[in-house]
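K.L.:
Structure provided below as structure tokens; questions to follow.
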Amino acid sequence: MKSNYKLIQIKPLIGPHGAEIGGVNLQDEISDAIFAEIHQAFLQYKVIVFRDQNIDYQQHINFGKRFGKLFIHPYVSSINNYPEIIRLLKEPNDTINNGGALHFDLTFLKQPPKASILRLIDVPKNGGDTMFSCMYAAYDALSESMKKYLDGLRGLHTSAKLFGPTGYYSHNMSKNSTAIKLNEMDFITTHPLVRTNPETGKKGLFVNSGYVERIMDIPIKEGNHILEFLYHHCAQSEFSTRVRWKKDTITMWDNRSAMHYALNDYQGQRREGIRVSIEGDRPY
Ligand code: SIN
């Protein structure tokens, strides 16, 4: 098969999406030609992995900015002097991690981030993989009748279940070392259940149990059954790929078409990651 990649090496991961990218050093300024291939790989594979990238915060920011304006997290404090960077930290005695369920990031916002770039700087000896599920594949696997049923329906997304004054984190702040700042403000918005990726034109499911409260304009009970079905459907192993981290592995994911799940299977060990995200647009 003819490869479109001439300047970077691509090693697809096992599963429906994801690739490791070789031949790139993110400490260097990346040429436009190399960036164009990385961008193409990001759109094609949705989850791209770079190994052995011992970059500093500014280099991390510089790489993120090649994809667009960087995003400021509304609920996690940034690292001093770097408003765009957050630290995801689980200490050995913490019992909960961040992102420990299949989700898209921050879909309670009108314009959720389009992508995140995470570098792990402390990796458990065993466990701590991240699972990425391909929402194009999940959508394609639905029956035509179900696709027609979902067409035009919207989900109500809210930050309240996780970050609200009585939400999950309000009861669990002492069990995790990430600098989460709860405030009185909830975000609430609606998005289509099926989203088109504006850069590829492909459709994927766009639901996640952490943020979706209900389906709009249909009876709540009916909507809840549909949501339960969709959550089970999206979680099928056939749609997923796992990234095994090493120190200084960087993984970038397309938050419009891939859900992720940070596995919390490394109790007693430390895991620390540094993340930037890129602003996204209004889902349609
Ligand atoms: C997240 O962004 O949800 C966490 C991902 C990870 O730590 O692997």
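K.L.:
Scale the Cα Rg of the range 107-232 by the rule-of-thumb value 2.2 N^0.38 Å and send over the ratio, two decimals.
P.N.:
Against the empirical 2.2 N^0.38 Å value, I get 1.21 for the range 107-232.
K.L.:
Can I ask one more? First compute the accessible area of the chain with a 1.4 Å probe, then give the percent of it belonging to carbon and sulfur atoms.
P.N.:
That share works out to 51 percent.
K.L.:
Going 7 Å from the Cα of GLN267 toward and past its Cβ, which residues in the range 104-145 have a backbone nitrogen under 15 Å from where you end up?
P.N.:
Flagged as within label range: 127-128.
K.L.:
What is the dipole size for the range 9-278, taken about its Cα centre, with +1 at each Lys and Arg Cβ and -1 at each Asp and Glu Cβ, in debye to the nearest 20?
P.N.:
I would put it at about 140 debye.
K.L.:
Cα convex hull of the chain: mean projected area in nm², to one decimal? Can you show the working numbers first?
P.N.:
On the way: hull surface 60.0 nm².
For the chain, the mean projected area of the Cα convex hull comes to 15.0 nm².
K.L.:
Simple spin-label model, 7 Å along Cα-to-Cβ: LEU156 to GLU279 in nm?
P.N.:
Inter-label distance under the simple model: 2.9 nm.
K.L.:
Suppose all protein chains stay in the model; what accessible area per residue would a 1.4 Å probe give for the chain, in Å²?
P.N.:
Computed with neighbouring chains in place, this is 46 Å² per residue.
K.L.:
Work out how much length ARG242 to ASP28 would gain on full extension: take 0.36 nm times their residue separation and subtract the Cα-Cα distance, in nm to one decimal.
P.N.:
Result: 74.3 nm gained on full extension.
K.L.:
If you don't mind, there's one more thing I want to ask. When all alpha-carbon pairs of the range 3-51 are counted, what percent fall beyond 12 Å?
P.N.:
For the range 3-51, the fraction of Cα-Cα distances above 12 Å is 59 percent.
K.L.:
Using the per-residue mean of other Cβ atoms lying within 10 Å as a proxy for protection, in what order, highest first, do the peptides 131-139, 47-55, 168-176 fall?
P.N.:
The densest-packed peptide leads the list: 131-139, 47-55, 168-176.
The values are calculated or read from the model by the stated rules, or taken from the named source; none is laboratory data. Fair warning: this is a prediction, and the values are worked out from it, not measured in the lab. In this analysis, Cβ positions are derived from the backbone assuming ideal geometry, glycine residues included, and neighbour counts consider all displayed protein chains. Surface accessibility is based on the protein's heavy atoms, side chains included, excluding ligands, DNA and RNA. Shrake-Rupley method; radii C 1.70, N 1.55, O 1.52, S 1.80 Å.
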